Amino acid sequence: MENSEAELIEKIESLKKRRNAVFLVHNYQLGEVQDIADFVGDSLELSQKAAGTDADVIVFCGVHFMAETASIICPDKTVLLPESDAGCPMADMITARYLREKKKEYPKAKVVCYVNSPADVKAESDICCTSANAVGIVEKLAGAEQIVFVPDRYLGDYAARQTGRELILWPGYCPTHVRIKAEDISRQKAEHPQAKIVVHPECLPEAKALADAVLSTGGMIRFARETDAGEVIVGTEIGILHRLRKENPEKRFIPASEQAICPGMKLITLESVLWSLENMEHRVKVPDKIRLKAKTAVDRMLEG
Ligand code: SF4
């Protein structure tokens, strides 16, 4: 017989205590997984939580590169990703080998690496960033002659426009965010003329051009809390709507596109979290040879 949700949660909670585990959950996860989290947040917030936790086990409900980042920051902790196939196609659009070739082309350039990337790519980079701090990180490199920005061309393009710097962009992108078309946003705006529009920097430039604010998911959570607007059109992965609606029941949140679903983010379920804790799988561990180099880039990101 299948476990009821309440039974599942009870088992998860009791095992979580026994293992001294913490649940770090990304804003795009399924609602029921967000509801059992110790912390729900964007990549930057979750990396900061990983750095500060005293738990023995981190159950990372997100995608593979996020669990890797936790392992880079916390090598002594057991980092579990409940679904081994929970990956990010954007992170797969770059490899360390191709980045090394790019660095040979631009030997004087600094490499800024969006955290949505494999650990060995971070190890080849000077500094990491998230969508929350990409602009600030590029500004921080004011003295650099050239900057290569990997792997998201649209976040890179956004950082370039905001800082007025020319960046050498990698041709990667997020297949989920490019589904959000400017026409989708315009259609929603026509139906909800009073609504404010927030859009994620991974979206296409024409979609971002329509936004009242271009924000990371953490930024969207804060915007929703603080805005006077009663309606907000949300241009990012639709998993965030769960939290926006839960935290702001008096406001209305409208997805810019119902198609903006990240398949990797949706693989983790309550069942897989329980399985993960029972079996202590799937362990994500970045080997020291890569980890130590990657950590330098991640630490610089966390310094802001
Ligand atoms: S939403 Fe896009 S960038 Fe984020 S994990 Fe999914 S595919 Fe990767």
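The values are calculated or read from the model by the stated rules, or taken from the named source; none is laboratory data. Note that this is a predicted model, so its numbers are computed, not measured. All Cβ positions, glycine included, derive from the backbone under ideal geometry; neighbour counts span all protein chains shown. Side chains are part of the model used for accessible areas, which takes the heavy atoms of the whole protein and leaves out ligands, DNA and RNA. Shrake-Rupley method; radii C 1.70, N 1.55, O 1.52, S 1.80 Å.
Do you know which residues across the range 158-177 are part of a strand (DSSP E or B) and within 16 Å of the ligand (Cβ to nearest atom)?
Leu169, Gly172
For a quick check of your reading of the model, give me the residue pairs whose first member lies in the range 110-128 and is within 12 Å of the ligand (Cβ to nearest atom), whose second is part of a strand (DSSP E or B), with beta-carbon atoms closer than 7 Å and at least 6 apart or on different chains.
Tyr114/Cys129; Tyr114/Val150; Tyr114/Asp152; Val115/Cys128; Val115/Cys129; Asn116/Asp152; Ser117/Val150
Restricting to the range 125-141, what's the tally of residues that are surrounded by 24 or more Cβ atoms within 10 Å (Cβ to Cβ) and over 23 Å from Cys203 (Cα atoms)?
1
Please pick out the residue among Val138, Val112 that is part of a strand (DSSP E or B) and either at pLDDT below 95 or closer than 20 Å to Ser216 by Cα (or both). Steps first, please.
Details: Val138 fails: part of a strand (DSSP E or B).
The unique qualifying residue is Val112.
Looking at Glu83, Glu101, can you tell me which residue is more than 16 Å from Val298 (Cα to Cα) and outside any loop (DSSP other than H, G, I, E, B)? Give the derivation first.
Numbers: Glu83 fails: outside any loop (DSSP other than H, G, I, E, B).
On inspection, the qualifying residue turns out to be Glu101.
Return yes or no: is Thr78 more than 17 Å from the chain's Cα centre (by Cα) and either open to solvent by 10 Å² or more (accessible area, probe 1.4 Å) or modelled with pLDDT under 95 (or both)? Working first, answer last.
Numbers: more than 17 Å from the chain's Cα centre (by Cα): yes; either open to solvent by 10 Å² or more (accessible area, probe 1.4 Å) or modelled with pLDDT under 95 (or both): yes.
Yes: the conditions hold for Thr78.
Restricting the first residue to the range 276-304 and requiring it to be farther than 10 Å from Ser71 by Cβ, which pairs with a second residue that is outside any helix (DSSP H, G or I) and open to solvent by 50 Å² or more (accessible area, probe 1.4 Å) meet a Cβ separation below 9 Å and a spacing of at least six or different chains?
Within 9 Å, the pairs are Ser276/Glu83; Ser276/His282; Glu281/Ser84; His282/Glu83; His282/Ser84.
Being open to solvent by 40 Å² or more (accessible area, probe 1.4 Å) and more than 18 Å from Val286 (Cβ to Cβ) is true for just one of Leu44, Leu30. Which residue is that?
Leu30
Which one is nearest to the ligand (Cβ to nearest atom), of the residues in the range 142-157 that are in a loop (DSSP other than H, G, I, E, B) and touching a residue at least 12 places away in the same chain (Cβ under 8 Å)?
Per the criteria, the residue is Pro151.
Among what's in the range 178-203 and is free of Cβ contacts under 8 Å to residues at least 60 places away in the same chain and buried (at least 18 other Cβ atoms within 10 Å of the Cβ), pick the residue that is nearest to the ligand (Cβ to nearest atom).
That would be Cys203.
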